[in-house]
Amino acid sequence: VNAEDEGFENSLLCGFKSALEIVKTRGFQTISIDVASFATEETFSYAMNAILDCLIELRCSAMGADFKVYIVGDFRQMNEMLLQQAEISLFAPTKTNLNLSFGDGGDPLKEAFDGYLSAHSEQKSFREYLGTLIEEKKIAKYSEVYKRAGVSKSTFSKIMNFSIDYKPSKATVAALAIGLKLDLEETIAFFHAAGYHLGTAEFADKVVRFFLERKIYDIQEVNCCLYYYGLPLLGEHGRDDNVRLK
C-alpha cells in the first residue's frame with residue numbers, strides 16, 4: 001500500500017495488529033518499523049504521522065501495552081514538528097531508534113561522546129606528565145634528564161615550552177624514560193601519555209623493556225644493543241656516531 005493511498009492508515013493499523021499477534025504467539029517483545037522501506041522522501045512525513053496515529057490507538061488498547069516499538073528512519077527526513085510529536089506520542093515503553101548522523105540534534109552518541117570528553121578533560125598532556133615526573137623524582141635540573149637521555153636541549157625545550165600539541169617521536173619518549181630512570185610500569189604510562197604503546201610486538205620495544213626491567217639506565221648500553229641488531233638508536237645520535245659517545 002502506497003503511503004499516499006486513502007487506505008494507508010487502515011492498512012498500517014491492520015499490519016501492526018497482525019504483527020502484535022505474531023509476536024505474542026512467538027514470544028517476541030519488540031516490533032521494528034522500518035519507515036524508509038516503504039516511504040519515499042516525499043511521503044516520509046505523511047507515513048510518520050500515520051504511524052504515530054496508529055501507535056496511539058494501539059497504546060490506548062490493551063493490545064500493544066506490553067511491547068516495545070522501534071521506529072527506524074532517517075532523521076534528516078523528519079522535521080522538528082514530527083520529532084516533537086514522536087516524543088509526546090511514543091511514550092514508555094515505546095522507544096525510537098532513528099538512524100542519526102553523528103552530531104544531529106538529540107543524537108545520543110554525540111551526548112555520550114561529550115560525556116566521555118568531560119570525564120577525560122583532566123588527563124594531563126605529555127608535557128604536564130613529564131613535568132610531574134621530574135618533580136616527583138626531585139630532579140633539580142632539566143639538563144639531568146635530557147643529557148642522560150641523549151636528547152638535545154632544543155628538543156627538550158620544544159616539549160616543555162613550545163606547545164601542548166608538540167608530539168615527540170617514540171624513540172625520544174623511550175630515551176626520556178631512561179633519562180628519568182622510570183621502572184617498567186611508569187614507562188608504560190609515560191608512553192601512553194605521549195600517545196604510544198610499549199608492547200612486545202616490536203623488537204625495539206623488547207630492547208627498551210629488557211633494560212628497564214633490569215634498571216639499566218645507560219642510554220649508551222641501550223643504543224649498543226639496538227645498533228647490534230641494526231635498529232635506529234634512541235636519543236639524537238646519528239648512525240655514523242661511535243654509539244658510545246664521550
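The values are calculated or read from the model by the stated rules, or taken from the named source; none is laboratory data. Treat the numbers as computed from the prediction; the structure is a model and nothing was measured. Note that each Cβ is placed from the backbone with ideal geometry, even for glycine, and that neighbours are counted across all protein chains shown. Heads up: the accessible areas ignore ligands, DNA and RNA and are worked out on the full protein's heavy atoms, side chains in. Shrake-Rupley method; radii C 1.70, N 1.55, O 1.52, S 1.80 Å.
Could you rank Ile31, Ile216 by how accessible they are, 1.4 Å probe, largest area first?
The ordering from most to least exposed comes out as Ile216, Ile31.
I want to check the label-to-label distance for Tyr229 and Ser169. Put each point 7 Å from Cα in the C-beta direction and report it in nm to one decimal.
That separation, rounded to one decimal, is 1.8 nm.
How much FRET efficiency would the formula 1/(1 + (r/R0)^6) give for His192 and Ser32, where r is the Cβ-Cβ distance and R0 is 51 Å, rounded to 0.05? Don't jump to the answer; show the numbers that get you there.
Values: r = 41 Å, r/R0 = 0.80.
With R0 = 51 Å, the Cβ-Cβ based efficiency is 0.80.
For a label point 7 Å from the Cα of Phe162 along Cα→C-beta, name the residues of segment 113-154 whose backbone N is under 14 Å from it.
Correct set: 127, 152-154.
With r as the distance between the Cβ atoms of Leu109 and Glu21 and R0 = 45 Å, compute the FRET efficiency 1/(1 + (r/R0)^6) and round to 0.05.
Working: r = 35 Å, r/R0 = 0.77.
Efficiency computed from Cβ-Cβ geometry: 0.85.
Pairs Lys124/Lys181; Lys181/Lys206; Lys153/Lys206; Lys141/Lys206: which are spaced more than 23 Å apart, C-alpha to C-alpha? Kindly include the intermediate steps, with their values, before the conclusion.
Details: Lys124/Lys181 20 Å; Lys181/Lys206 17 Å; Lys153/Lys206 27 Å; Lys141/Lys206 30 Å.
Cα-Cα > 23 Å for Lys153/Lys206; Lys141/Lys206; rest within.
From largest accessible area down, sort Met48, Met160; use a 1.4 Å probe on the protein chains. Please report the intermediate quantities before stating the final value.
Numbers: Met48 5, Met160 25 Å².
Highest to lowest solvent-accessible surface, that is Met160, Met48.
Set the Förster radius R0 to 22 Å, insert the Cβ-Cβ distance between Lys153 and Lys181 as r into 1/(1 + (r/R0)^6), and round the FRET efficiency to 0.05.
Working: r = 19 Å, r/R0 = 0.88.
The computed FRET efficiency comes out at 0.70.
Amide H neighbours of Ile33 under 5 Å, at least 5 residues apart or on other chains, H built in the peptide plane: list them.
So Ile33 has HN proximity to Tyr70, Ile71, Val72.
Go through Ser32, Ser125 and list them by solvent-accessible area, largest first, probe radius 1.4 Å. Kindly include the intermediate steps, with their values, before the conclusion.
Details: Ser32 85, Ser125 25 Å².
Listed by decreasing accessible area, they come as Ser32, Ser125.
So for each of 166-174, 108-116 I average, over its residues, the number of other beta carbons within 10 Å; can you give me the resulting order with the highest mean first? Please list the in-between numbers first.
On the way: 166-174: 20.2, 108-116: 11.0.
Top to bottom by mean Cβ count within 10 Å: 166-174, 108-116.
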